[in-house]
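Working notes, beginning with the structure itself.
FYI, it's all coordinate maths here, none of it is from the lab. In this text, all values refer to a predicted model and were calculated from it rather than measured experimentally. Here the Cβ positions follow ideal geometry from the backbone for every residue, glycine too, while neighbour counts run over all protein chains shown.
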Amino acid sequence: MTTIAAAHLRVPRATVKPMPLTRITAVELRKMFDTRSGFWLIASIAITSVLATVGVILWAPDGSLTYSTFATAIRFPVVIILPLIAILAVTSEWSQRTGLTTFTLVPHRSRIITAKAISSVGIAIAAMVIAFAVGALGNVIGAWIRGSALIWDVTVTQCAYYVLGMVLSLLIGFMLGVLFRASTGAIVAYFVLTFLLPTVSGLLADSQHWFHTLQPWLDYQFAQAGLFVFDHVLTGQEWAQIAVTGITWLLIPMLIGLRLVMRTEVK
Amino acid sequence: MITIERLTKKYGTTLAVDDVSFTAEAGRVTGFLGPNGAGKSTTLRIMVGLTRPDTGSATISGRHYVDLPNPGLEVGVLLDASAQHAGRTGREILTLAQQFMGLPRARVEEMLETVSLTPTEASRRVGDYSLGMRQRLGIATALIGDPEVLILDEPANGLDPAGIRWMRDLLRGYADRGGTVLLSSHLLHEIEVIADDIVMIGLGRIVSMGTKTDLLHEAGTVVRAADLVALELALTAGGLTASPSDDGALRADGDTALVGKVAFDAGIALTELRAATGAGLEEMFLELTAATQRDGAPA
């Protein structure tokens with residue numbers, strides 16, 4: 001009896017190795033795809049890119065059938081969807097209560113949040129590669145169908161600006177996710193920030209002279225707009241405006257949100 | 001082994017956990033028993049680092065949970081089987097745990113088999129699962145890393161009788177192989193059947209703890225005689241406390257040998273003499289928590 005019992009006694013485990021961040025990031029990336037809603041949200045980037053491209057081929061006036069027209073048309077749906085992906089990657093841990101398992105398997109929340117940030121930015125960059133490729137394909141096909149000249153009017157630097165703009169808007173979503181930790185609240189806040197504030201700020205700038213000069217320093221979307229304009233070189237002042245609005249609208253609330261994520265109880 | 005030392009957690013003015021200390025030993029199943037809202041779940045969440053205590057500490061084999069390099073390999077945790085993304089399949093949820101812990105892929109199918117989830121069930125989304133299936137999946141997630149310590153919050157909830165029996169055998173086997181099992185429950189019968197040690201909690205405070213044998217012993221003896229009044233007098237004279245119970249018997253606070261001897265010395269013929277097991281723990285549970293539970297003692 002004792003020998004049988006002894007045979008079943010567990011052997012102390014050899015030293016347990018800590019989890020590398022690469023592994024946590026890979027799992028977090030998988031979690032963005034492994035639900036139907038998550039999968040289609042990401043797939044919708046490719047789908048809307050194709051739709052926007054087809055729209056440009058069908059309806060763009062002859063003279064503007066250039067690569068920048070395609071890239072601009074694709075930007076609009078992608079810039080809305082990307083932040084939603086980042087929001088849901090963060091908030092689902094709370095809204096769906098999966099955090100109970102996630103933060104027990106990886107008890108350092110900063111590592112999970114870092115992994116989520118890396119995988120979100122990774123998806124943003126991959127999405128941009130797809131968007132540029134679809135746009136390029138559209139440009140070639142459009143020129144061929146309509147018999148117009150093939151025009152490549154975007155430089156690599158401008159593409160890099162464009163990607164930076166996309167990553168910044170994704171990080172706005174990420175910031176709202178950590179700040180609210182609830183899907184509905186974060187998504188509503190995102191739409192207020194994206195659609196309501198620029199309108200209000202634009203109206204204010206039109207009617208109030210003092211705000212007109214301040215707008216580029218206060219309105220982050222106004223400041224970032226230059227990143228998406230292909231025939232424009234950003235000045236030092238415009239970079240400064242991107243930096244200032246980035247600190248107030250992105251960095252500071254992000255730090256507050258991260259502090260909340262680290263401290264609040266997971267239920 | 002799990003060691004809880006002087007744990008306190010306050011929400012606003014409410015003390016959810018009030019100076020709680022206990023240990024869960026290796027090789028034993030420790031039942032953490034208490035009515036709803038007694039502070040069981042808060043204590044368990046503090047153990048695994050999801051909630052910060054105001055004072056006190058919880059350690060697992062001498063280390064804080066957050067200091068474990070890969071906690072899933074050392075502590076299996078099931079806090080709420082329903083806390084899963086409804087859109088993931090059961091297999092996917094288990095795969096995520098397997099990948100976090102860096103285990104071989106084959107462990108997923110192994111565990112599905114261990115908890116008797118069929119391949120078809122595992123391919124379904126968790127939103128369509130019954131509570132019992134979620135519990136099985138949750139237990140699979142807790143066991144997949146083959147940990148030495150198990151912390152399970154209400155694991156029997158939603159299981160059918162066969163499922164409850166299966167889980168009981170599983171946890172028993174785990175403890176017999178040297179593992180530490182801590183499970184919480186408000187289901188007295190479950191705890192009574194499975195636990196070796198019992199920690200009872202009411203409104204954040206520990207009201208009783210010890211081995212099941214000791215606690216049952218404390219529950220006393222049920223004794224019956226034709227002349228109950230004489231028996232009660234004799235028992236009281238013998239230094240025991242006796243009180244009539246609902247079914248017309250007496251409950252005395254001594255063990256059967258002592259009660260029998262007192263009755264014999266008094267020349268009273270007994271019609272029944274037995275240890276107050278069965279519903280004994282339940283009576284004790286209701287009694288001990290009567291002052292602190294929400295619904296008051298039943299009439």
Original post:
Of B:229, B:207, B:240, which is farthest on the positive side of the dipole of the stretch B:193-251, counting Cα position, with +1 on Lys and Arg Cβ, -1 on Asp and Glu Cβ, and the Cα centre as origin?
Top reply: B:207
Original post:
By the gyration tensor of its Cα atoms, with a ≥ b ≥ c the square roots of the eigenvalues, what is the shape of the stretch B:1-119: rounded for a/c under 1.5, prolate for a/b over b/c, or oblate?
Top reply: prolate
Original post:
Once Rh for the protein assembly as shown is found with the Kirkwood sum over Cα pairs, what is the Stokes-Einstein diffusion coefficient at 20 °C and 1.002 mPa s, in µm²/s?
Top reply: 77
Subject >> Rounded FRET efficiency, nearest 0.05, which uses the C-beta distance separating residue B:187 from residue A:164 and R0 of 51 Å >> reply: 0.35
Original post:
Total Lys pairs in the protein assembly as shown closer than 24 Å by alpha-carbon, pairs eight or more apart in sequence or interchain only?
Top reply: 11
Original post:
What do you get when you divide the Cα radius of gyration of the stretch B:52-141 by 2.2 N^0.38 Å, with N the number of residues?
Top reply: 1.21
Original post:
Taking 1 over the mean of 1/r across every pair of different Cα atoms in chain B, what Kirkwood radius in Å do you get?
Top reply: 21.1
Subject >> Relative contact order [Cα under 8 Å, 6+ residues apart], chain A, whole percent >> reply: 23
Original post:
Of A:161, A:67, B:11, how do they rank once you tally other Cβ atoms within 10 Å and put the fewest first?
Top reply: B:11, A:161, A:67
Subject >> Two-decimal Rg/Rh across chain A, once Rg and the Kirkwood Rh are taken from alpha-carbon atoms >> reply: 1.10
Subject >> Span from the the stretch B:185-236 Cα centroid across to the the stretch A:18-40 one, whole angstrom >> reply: 50
Original post:
Given the convex hull over the Cα atoms of the stretch B:120-168, what projected area results after averaging over all orientations, in nm²?
Top reply: 3.9
Original post:
Hey, got the average number of other protein chain Cβ atoms within 10 angstrom for residues in B:68-81?
Top reply: 4
Original post:
Using just the C-alpha positions of the stretch A:27-108 as equal point scatterers, what log10 of I(q)/I(0) does the Debye formula give at each q in 0.16, 0.19, 0.21 1/Å?
Top reply: -0.69, -0.83, -0.93
Subject >> Percent of beta bridges antiparallel (DSSP, chain B, rounded to nearest 5) >> reply: 65
Original post:
Taking a quarter of the surface of the convex hull around the Cα atoms of the stretch A:161-267, what do you get in nm²?
Top reply: 7.6
Original post:
What is the order of A:94, A:40, fewest Cβ neighbours within 10 Å to most?
Top reply: A:40, A:94
**OP:** Name the shape class, rounded, prolate or oblate, that the alpha-carbon gyration tensor gives for the stretch B:183-263, where a ≥ b ≥ c are the square roots of its eigenvalues, rounded holds for a/c under 1.5, and otherwise prolate holds if a/b is larger than b/c and oblate otherwise.
**Re:** prolate
**OP:** Of the DSSP beta bridges with both residues in the stretch B:47-204, give the percent that are antiparallel, rounding to the nearest 5.
**Re:** 20
Subject >> Shielding by other protein chains, A:195-206, mean Cβ within 10 Å >> reply: 0
Original post:
Sorted from fewest to most neighbouring beta carbons within 10 Å, what does the list A:265, B:5 look like?
Top reply: A:265, B:5
Original post:
Where does each of A:212-219, A:175-182, B:68-75 land if you order them by average Cβ count within 10 Å, highest first?
Top reply: A:175-182, B:68-75, A:212-219
